[in-house]
Amino acid sequence: MKSALAVALATLLLNSLSAAEPVPPTGFRALFNGKDLTGWYGLNPHDGTKLEGEKKAANRKQQREDFAKHWRVENGELVNSGTGPYATTDTEFGDIELLIEYKTVPKADSGIYLRGTPQVQIWDVNQGFNEKNPTRKPHLGSGGLFNNTPNTPGRDPLVLADKPFGEWNAFRIRQIGAVTWVWLNGKLVVDGAVMENYWDKKQPLPAKGPVMLQTHGGEIRWRSLFVREIGEAEGRKILSEAQPKK
């Protein structure tokens with residue numbers, strides 16, 4: 001009897017684990033396994049930027065140790081309450097196509113860092129426009145390259161594509177060289193805009209870097225994180241067929 005019960009419990013556990021495993025589309029692989037934090041570590045690159053040597057190393061070590069205190073997995077979703085270091089991929093990527101879904105709450109904002117660089121922005125679109133801060137435009141919607149120079153292509157989204165709170169939003173992001181395309185819920189919101197290097201705008205975007213999920217001000221949930229690396233020939237073809245917006 002005990003043996004039968006043990007087998008039944010083991011089967012139930014295996015079924016629950018397999019049910020949580022994400023199934024990537026053809027050509028993509030999963031960045032998040034739906035079960036634990038494997039493949040990710042904690043890093044807020046804005047924290048301790050002026051530190052050097054041993055102090056900087058200690059800061060980075062502490063952020064890694066703090067990661068699991070702020071991030072958790074629930075029902076196959078990667079969850080953060082709006083605090084702590086950003087979820088950062090162990091792997092660094094160059095040219096990619098990224099699929100990712102998120103659900104957030106009022107008054108929160110977040111973003112997706114590409115090559116460790118901010119960012120594809122996520123807003124609470126119910127925030128009104130503030131004339132005292134005219135370059136901050138959450139009411140226009142999510143998906144823009146918020147850290148680009150104001151009033152340049154890609155800085156603000158082309159259309160408002162956010163879904164109401166409580167619903168999942170889906171990003172498709174394509175990054176080739178410094179050129180970025182963003183689709184939100186199937187709508188094109190950034191059309192081949194050059195993503196500026198936030199860390200030094202005189203320098204080009206890094207050739208490689210991690211994908212990072214920002215924590216900022218409120219709970220956000222992520223799921224269905226899939227990536228496809230774009231080869232050199234495909235990247236050249238895509239760029240040749242598009243005129244980057246400068």
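Details
- Taking 0.36 nm per residue of separation and subtracting the current Cα-Cα distance, fully stretching the chain between LEU37 and LYS201 would add 55.8 nm.
- Using C-alpha pairs below 8 Å separated by at least 6 residues, the relative contact order for the chain is 25 percent.
- Legend: helices of the chain (whole DSSP H runs) are marked when their alpha-carbon atoms reach 15 angstrom or more along the helix axis and their mean Kyte-Doolittle hydropathy is at least 1.0; marked are 2-20.
- Around VAL73: net Lys/Arg minus Asp/Glu count, Cβ-Cβ under 9 Å: -1
- Charge context of ARG221, other residues only, Cβ under 12 angstrom, K/R +1, D/E -1: -2
- Environment charge at ASN44 (Cβ cut-off 12 Å; Lys +1, Arg +1, Asp -1, Glu -1): 0
Here, each number is a calculation from the coordinates, and none is a lab measurement. Computed from a predicted model, the values in this text were never measured in an experiment. Heads up, the Cβs are rebuilt from the backbone with ideal geometry, glycines too, and the neighbour counts pull from every protein chain shown.
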